[in-house]
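Visitor: Below you will find the structure I want to go over with you.
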Amino acid sequence: MRILLTNDDGIYAHGLERLAKAALKYGEVWIVAPAEERSAASHSVTLRDHLDVYPIKDYPVEGVRAFSCSGMPVDCVRVGSLSVMPEKPDVVLSGINNGFNMASDLQYSATVGAAFEGAFQEFHSIAISEAFNGPHDVTDHYLPEILDKIIYEPFTPGHIYNVNFPDCKLSECKGILYDRKVSKGMFFKDRYNEIEKLENGGIRYMIEGILTPGAEDGTDYKAILDHYVSVGIANNIGY
């Protein structure tokens, strides 16, 4: 297989490196990832500026062709599949993101946005996320099994696989739940706190996320709360 990897945490993110190692089992691996962190960029595309793409000669995973891109994760999928790679990829993998991407947060996620761009370009696409700065042992244990099961699945227009690994020790993980629906709830309920008065009547605000630990049965968020790995299919508008 020809596999294109990207993320929103940046070219040297540890999660991307771990995903690259796992992907090598399946064939030829290319990385086009943002030069800097681009979290919560959703499906942003660079239209009025150029994109600078540089080869990464010292990428820490041997056998991977890696490039940094000045743009957004969606730009990375577009320029990677349409220009950088000599042939189009069979699959796009986005991640491993540092932080969950599930429930209503999917609309903000650049990890998921990059996977949806892969689907728009008619590539089988998978988004992969884990807890923010959490333990990696659950992810590293179950990721090979999950990829074995879904990486060869046929492409379905407008659909991606969305995978989230729980924030727990491996001994506490109860296994994998497939076919999880996207929760209508939210992992964090946001509010904006006033932190400073500015000149000319301005006010400076800072966002604060309030954890809301509750979700519907059968959903991605519920699986994570119950210490399961969540694997589901997300679809974009119109499909």
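The values are calculated or read from the model by the stated rules, or taken from the named source; none is laboratory data. It should be emphasised that the depicted structure is a prediction, and the values quoted were computed from it without experimental measurement. Note that we place each Cβ from the backbone using ideal geometry, even for glycine, and neighbour counts take in every protein chain shown.
Visitor: Looking for whichever is aliphatic (A, V, I, L, M) and within 22 Å of residue 135 (Cα to Cα) here; the options are 1, 102, 85, 72. Which one fits?
Guide: Checking each option against the conditions leaves just 102.
Visitor: Also: Only one of (1) more than 21 Å from residue 129 (Cβ to Cβ); (2) out of contact with any Leu (no Cβ under 9 Å at 6 or more places or on another chain); (3) of a type outside the set (A, V, I, L, M, F, W, C) fails for residue 63. Which number is that?
Guide: Result: residue 63 passes all but (2).
Visitor: Moving on to the next point. Any residue at all in segment 165-184 that's over 16 Å from residue 230 (Cα atoms), touching a strand residue (DSSP E or B) at 6+ places or on another chain (Cβ under 7 Å) and among the aromatic types (Phe, Trp, Tyr)?
Guide: No, there is no match, as no residue in segment 165-184 is over 16 Å from residue 230 (Cα atoms), touching a strand residue (DSSP E or B) at 6+ places or on another chain (Cβ under 7 Å) and among the aromatic types (Phe, Trp, Tyr).
Visitor: Continuing with this model, one more query. Exactly one condition in (1) closer than 21 Å to residue 22 by Cα; (2) at pLDDT 95 or above; (3) part of a loop (DSSP other than H, G, I, E, B) is not met by residue 132; state its number.
Guide: (2)
Visitor: For segment 1-50, give me each residue that is surrounded by fewer than 21 Cβ atoms within 10 Å (Cβ to Cβ) and part of a strand (DSSP E or B).
Guide: Residues satisfying the conditions are 2, 28.
Visitor: Mind listing just one residue for me: the one in segment 10-61 that is closer than 28 Å to residue 207 by Cβ and among the hydroxyl-bearing types (Ser, Thr, Tyr) and, of those, farthest from the chain's Cα centre (by Cα)?
Guide: Looking at residues that are closer than 28 Å to residue 207 by Cβ and among the hydroxyl-bearing types (Ser, Thr, Tyr), I get 46.
Visitor: Applying the selection to segment 176-199, what residues are assigned to a loop (DSSP other than H, G, I, E, B) and either of a type in the set (Phe, Trp, Tyr) or surrounded by 10 or more Cβ atoms within 10 Å (Cβ to Cβ) (or both)?
Guide: Selection gives 178, 180, 182, 183, 184, 185, 186, 187.
This table checks each residue for (1) over 29 Å from residue 219 (Cα atoms); (2) of a type in the set (Asp, Glu).
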site	(1), (2)
38	no, no
47	yes, no
53	yes, no
57	yes, no
60	yes, no
75	yes, yes
86	yes, no
98	no, no
104	no, no
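Visitor: Can you spot a residue in segment 76-97 that is over 21 Å from residue 122 (Cβ atoms) and not hydroxyl-bearing (Ser, Thr, Tyr)?
Guide: yes
Visitor: Further question on the same structure: Out of everything in segment 62-84 that is surrounded by fewer than 18 Cβ atoms within 10 Å (Cβ to Cβ) and part of a loop (DSSP other than H, G, I, E, B), what residue ends up being nearest to the chain's Cα centre (by Cα)?
Guide: 70
Visitor: I want to confirm something. Restricting to segment 116-148 and keeping residues that are of a type in the set (D, E, K, R), in contact (Cβ under 8 Å) with a residue 12 or more places away in the chain and surrounded by fewer than 16 Cβ atoms within 10 Å (Cβ to Cβ), which single residue is farthest from residue 187 (Cα to Cα)?
Guide: Out of the qualifying residues, it is 122.
Visitor: Scan segment 207-233 for residues that are assigned to a strand (DSSP E or B), modelled with pLDDT of 95 or more and under 15 Å from residue 105 (Cβ atoms) and jot them down.
Guide: Passing the criteria: 219, 230, 232.
Visitor: Still on this model: Output the residues belonging to segment 51-61 that are loosely packed, with under 12 Cβ neighbours inside 10 Å and under 13 Å from residue 80 (Cα atoms).
Guide: 52, 55
Visitor: All but one of (1) surrounded by fewer than 18 Cβ atoms within 10 Å (Cβ to Cβ); (2) out of contact with any Pro (no Cβ under 9 Å at 6 or more places or on another chain); (3) of a type in the set (Ser, Thr, Tyr) hold for residue 109; state the number of the condition that does not hold.
Guide: Looking at each condition in turn, residue 109 falls short on (1).
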